[in-house]
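Visitor: A single structure is presented below for examination.
The values are calculated or read from the model by the stated rules, or taken from the named source; none is laboratory data. Since the structure is predicted, the reported quantities are computational estimates derived from the model, not experimental observations. No Cβ is skipped: glycine too gets one built from the backbone with ideal geometry, and neighbour counts run over all protein chains shown. Calculation scope for accessible area: heavy atoms of the full protein, side chains included, ligands and nucleic acids excluded. Shrake-Rupley method; radii C 1.70, N 1.55, O 1.52, S 1.80 Å.
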Amino acid sequence: MILENYESVAERIEKFWNHYLGIGRIDTDLVYQDGTRYIVKAYGYRETTDLVPFATGWAEEIRSNTNRHPVENAETSAIGRMLHNAGISKFSDGMARPSLEEIRSYENKLSVVPALAEVAMSVKEARDPWSFNDAIEATETAIVSGGAQCKHGFMNHKSGVGKTGKPYEGYVCPETDRNQQCKPVWL
């Protein structure tokens, strides 16, 4: 129901250029950034020579593992907001906006319950014969549903008896390039 009413920013931009016959102007400004948080403001002008925009739009994006291009996403969102505020969207063409209940219903269908994670911290003491200080090396790994994860994905479980006759058990990185592998987590 909601996705049928969705109109991409690219479609709105095309409507803008068709409506203003190529004489309009869209400007953007990176208003704030600190390496994690980005705020962009977009300005819409009916003519390239206009000094004052007839519509503006703001957007904020946060850099994360799932948002690797926050500046670009913020700029696109700001342009989309500006075009919506300018009356250039399906909603301005008489399309009904979704109700709060419709949006919540849609969000409930999309929500995925993340796996519970516990953090395992293994600490081993490493002695440097050339130093007066003892060094402590810590490895942090997420244990999710009985398996460990590193930046390369789920780690492979290994167990057995070593050459010395001692049993071992732990997780090793799935990366095939040994130079890129994360440190193993021994239990």
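Visitor: Where does the stretch 6-49 land on Rg/Rh, using Cα atoms and the Kirkwood Rh?
Guide: On the way: Rg = 13.2 Å, Rh = 12.0 Å.
Rg/Rh: 1.10.
Visitor: Just read off the accessible area of S77 with the full protein assembly in place, 1.4 Å probe, to the nearest 10 Å².
Guide: Its heavy atoms expose roughly 50 Å² to the probe.
Visitor: What length, rounded to one decimal in nm, is gained on full extension from S159 through to N67, with 0.36 nm per residue of separation minus their alpha-carbon distance? Intermediate values should be presented prior to the final figure.
Guide: Details: separation 92, 0.36 × 92 = 33.12 nm, distance 3.66 nm.
Result for the pair: 29.5 nm of gain on full extension.
Visitor: Sticking with this one: Which sequence of K15, K163 reflects their accessible areas, 1.4 Å probe, from the largest down?
Guide: On the way: K15 65, K163 215 Å².
Order by accessible area, largest first: K163, K15.
Visitor: Based on the Cα atoms of the stretch 25-87, what semi-axes does the equivalent ellipsoid have, where each is the square root of 5 times one gyration tensor eigenvalue, given in whole Å with the largest first? List each step's numbers first, then the result.
Guide: Values: eigenvalues 117, 23, 12 Å².
Semi-axes from the Cα gyration tensor: 24, 11, 8 Å.
Visitor: Near R25, within a Cβ-to-Cβ distance under 14 Å, what is the net charge of the other residues, with Lys and Arg +1 and Asp and Glu -1?
Guide: On the way: positive: R46; negative: D27, D29, E47, D50.
It works out to a net charge of -3.
Visitor: Using 7 Å Cα-to-Cβ label points, what is the L51/Q181 separation (nm, one decimal)?
Guide: 6.8
Visitor: Right, next: Taking 25 Å as R0, compute the FRET efficiency from the Cβ-Cβ separation of A10 and K151 and round it to 0.05.
Guide: Values: r = 33 Å, r/R0 = 1.32.
For R0 = 25 Å, the calculated efficiency reads 0.15.
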